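One structure below.
The values are calculated or read from the model by the stated rules, or taken from the named source; none is laboratory data. Being a predicted model, the structure only gives us computed values, none of them experimental. Neighbour counts are summed over all protein chains in view; Cβ atoms, including those assigned to glycine, are modelled from backbone coordinates with ideal geometry.
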Amino acid sequence: MMKFVGRSLFAVLVLLLLPVGTGARADLLGHGGMVRALDISPDGRRIVTGSFDFSAILWDFEEQRELAVLDGHEGPVTSVRFLPDGRVLSTGDDRRALIWDISGSEPRIVHELNGHTHKVMAGAVSGDGKIAVTGGWDKTVRIWNTSSGNAIRSIALPVPVNAVALIRNDATIAVGGHDSAIRLFDVRTGRAQGKLVGHKMGITELRASPNGRQLLSASIDKTLRLWDAYSHQPIRVLERHDSQVYGVRFTPDGRTAISGGRDGFIMIWDLATGKLLKSIKAHESIIWAVAVSPDGRFAISGSSDDTARVWHLATGDRIGVVTETEDEPKPWLESDHPGADLYKKCARCHALSPGGPRRSGPHFQGLFGRRVGTVPGYRYSDALKDQGFEWNQVTLFKLFDEGPDKFLPGTKMPVQRVSDRRKLSDLVDFLQQLTDPKKNAN
């Protein structure tokens, strides 16, 4: 099969064709085809996306920048999963599953899992990372040893497989396919353990709760269903999507879930009541996959528009977007101050003045001495609304020394720590020089 070579060219063309004076609207822009799959690492530091452009891309979550391309499949990438040790499992239309070592400067394939005779559509990994499960349109589910790459067993099904999940402390494989039934199999023996019946059409995605006691299923019948993994009984039906649902994830506490589908909405659900808590119009086209950060603050969506985007769940705001004009002065690019280089990260989300380009964070004019959460017109998270302190040398130092997620739990700021205290002091000093209201007033 001819290798797809348009990923980088397509990304460049997208940037060139944007209107003059605008920046890229996508948080994670680089694929040359729809983003079909995504996952976030257990430590929350990296994202991996899989695309119909035959590639997977590894991203830095904090800076939302590309780290490496996992270029090994000879067809569209259909699923990606982080292993607990940081490796990545990817599956593809090329009938293969690959396990990647991404610890070095260049990703490398450590195991090629061959055996499927049709598209491999889904992958799952056990909590201890010792086994991987794949499902394909060859009507089989296969279990693999992730240390050796050897096949453990194959399970035959009556329908092509779209989704797999490990439940009940990794003792049971849940399998969804082209019909409406979810089939259960014993991991150790491969024996059938029953079915979950309720959907009216094919299953598109399956996800286990953090404790493995519940299962969420998504379907082209426009619904999500929550199941008890032990009793095999339905708990509730979640209905608000206008069309097919393709992506679903539990949040880390297991109390809520997010979903995405053909309608382009991310929906946030209270699983105790089935109530829709919030809907976010995330994309103008299909959402194929969703993920939630380990701290439960952010969602990531992958779409047919070839992008992945990051969202703050509490407010529904998009994170890290640069959209408006870029004609604001950029003194940090010319300064020899030792804190100027670190400030480049701040500039991605904050303008210097109210008249500057609109960013995902509030402007910095008058930052020192300003009470937290008080910039007019900016939509703050509740984490900042309830605070009463002012920004100064001490509070800004603590913000990046402890990390925003620790200093202000629930804030929209991604996890950004500066571990080098000398560099952090330089950054705070540069911030104070840069945001002097007398210098930056309109």
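Numbers for the structure displayed
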{"quantity": "Filter result for Phe4 (at pLDDT below 90, of a type in the set (Phe, Trp, Tyr) and more than 13 Å from the chain's Cα centre (by Cα))", "calculated": "yes"}
{"quantity": "Filtered residues of the stretch 144-168 (kept if among the small types (Gly, Ala, Ser) and over 23 Å from Asp228 (Cα atoms))", "calculated": "Ser147, Ser148, Gly149, Ala151, Ser154, Ala156"}
{"quantity": "Qualifying strands (runs of 3 or more DSSP E) (wholly inside the stretch 260-307; at least 3 residues being more than 12 Å from the chain's Cα centre (by Cα) and buried (at least 20 other Cβ atoms within 10 Å of the Cβ))", "calculated": "265-270"}
{"quantity": "Within the stretch 153-192, tally of residues that are crowded, with 16+ Cβ neighbours inside 10 Å and assigned to a strand (DSSP E or B)", "calculated": "18"}
{"quantity": "Test: residue in the stretch 375-386 that is among the acidic types (Asp, Glu) and under 26 Å from Gly296 (Cα atoms)", "calculated": "yes"}
{"quantity": "Residue that is surrounded by the fewest Cβ atoms within 10 Å (Cβ to Cβ), among those in the stretch 391-406 that are among the charged types (D, E, K, R) and at pLDDT 85 or above", "calculated": "Glu402"}
{"quantity": "Condition met for Ala122 (outside any loop (DSSP other than H, G, I, E, B), in contact with a Phe, Trp or Tyr (Cβ under 7 Å, 6 or more places away or on another chain) and under 25 Å from Leu216 (Cα atoms))", "calculated": "no"}
{"quantity": "Answer residue from the stretch 407-420, given it is under 21 Å from Ala299 (Cα atoms) and polar (S, T, N, Q) and is surrounded by the fewest Cβ atoms within 10 Å (Cβ to Cβ) among those", "calculated": "Gln416"}
{"quantity": "Residue in the stretch 270-277 that is at pLDDT 95 or above, among the acidic types (Asp, Glu) and within 20 Å of Leu206 (Cβ to Cβ) present", "calculated": "no"}
{"quantity": "Single residue of Gly388, Gly373 found to be surrounded by 13 or more Cβ atoms within 10 Å (Cβ to Cβ), part of a loop (DSSP other than H, G, I, E, B) and either modelled with pLDDT under 90 or of a type in the set (Phe, Trp, Tyr) (or both)", "calculated": "Gly373"}
{"quantity": "Matching entry among Trp269, Trp227 (being hydrophobic (A, V, I, L, M, F, W, C) and over 21 Å from Ala299 (Cα atoms))", "calculated": "Trp227"}
{"quantity": "Total residues in the stretch 357-390, condition in contact with a Gly (Cβ under 7 Å, 6 or more places away or on another chain) and of a type outside the set (D, E, K, R)", "calculated": "7"}
{"quantity": "Residue in the stretch 55-67 that is touching a strand residue (DSSP E or B) at 6+ places or on another chain (Cβ under 6 Å), at pLDDT 95 or above, assigned to a loop (DSSP other than H, G, I, E, B) and surrounded by 15 or more Cβ atoms within 10 Å (Cβ to Cβ) present", "calculated": "yes"}
{"quantity": "Tally of residues being modelled with pLDDT of 80 or more, out of contact with any Leu (no Cβ under 7 Å at 6 or more places or on another chain) and not small (Gly, Ala, Ser) across the stretch 410-425", "calculated": "4"}
{"quantity": "Residue satisfying condition, being more than 22 Å from the chain's Cα centre (by Cα) and in contact (Cβ under 8 Å) with a residue 40 or more places away in the chain, within set Val141, Val80", "calculated": "Val141"}
{"quantity": "Top-ranked residue of the stretch 202-251 - restricted to ones that are surrounded by fewer than 16 Cβ atoms within 10 Å (Cβ to Cβ) and within 21 Å of the chain's Cα centre (by Cα), ranked as farthest from Met121 (Cα to Cα)", "calculated": "Asn211"}
{"quantity": "Options Ala181, Ala151, Ala163, Ala192: the member that is within 24 Å of Ile40 (Cα to Cα) and at pLDDT 95 or above", "calculated": "Ala163"}
{"quantity": "Candidate set from the stretch 193-247 (those that are assigned to a strand (DSSP E or B) and of a type in the set (Gly, Ala, Ser)); member that is nearest to Ile167 (Cα to Cα)", "calculated": "Ala208"}
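Let's see how each residue does on (1) touching a His at 6+ places or on another chain (Cβ under 9 Å); (2) among the aliphatic types (A, V, I, L, M):
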residue: Gly32; (1), (2): no, no
residue: Leu38; (1), (2): no, yes
residue: Ile57; (1), (2): yes, yes
residue: Asp71; (1), (2): no, no
residue: Val88; (1), (2): no, yes
residue: Arg96; (1), (2): yes, no
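The rows are residues; the columns are (1) aliphatic (A, V, I, L, M); (2) at pLDDT 90 or above; (3) touching a helix residue (DSSP H, G or I) at 6+ places or on another chain (Cβ under 6 Å).
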site: Ile286; (1), (2), (3): yes, yes, no
site: Ile300; (1), (2), (3): yes, yes, no
site: Asp305; (1), (2), (3): no, yes, no
site: Leu313; (1), (2), (3): yes, yes, no
site: Thr325; (1), (2), (3): no, no, no
site: Ala351; (1), (2), (3): yes, no, no
site: Ala383; (1), (2), (3): yes, no, no
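Every residue, every condition in (1) closer than 24 Å to Asp186 by Cβ; (2) outside the structural domain of Arg36 (by TED's automatic domain parsing); (3) of a type in the set (S, T, N, Q), yes or no:
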residue	(1), (2), (3)
Gly104	no, no, no
Leu113	yes, no, no
Asp128	yes, no, no
Thr146	yes, no, yes
Ile155	yes, no, no
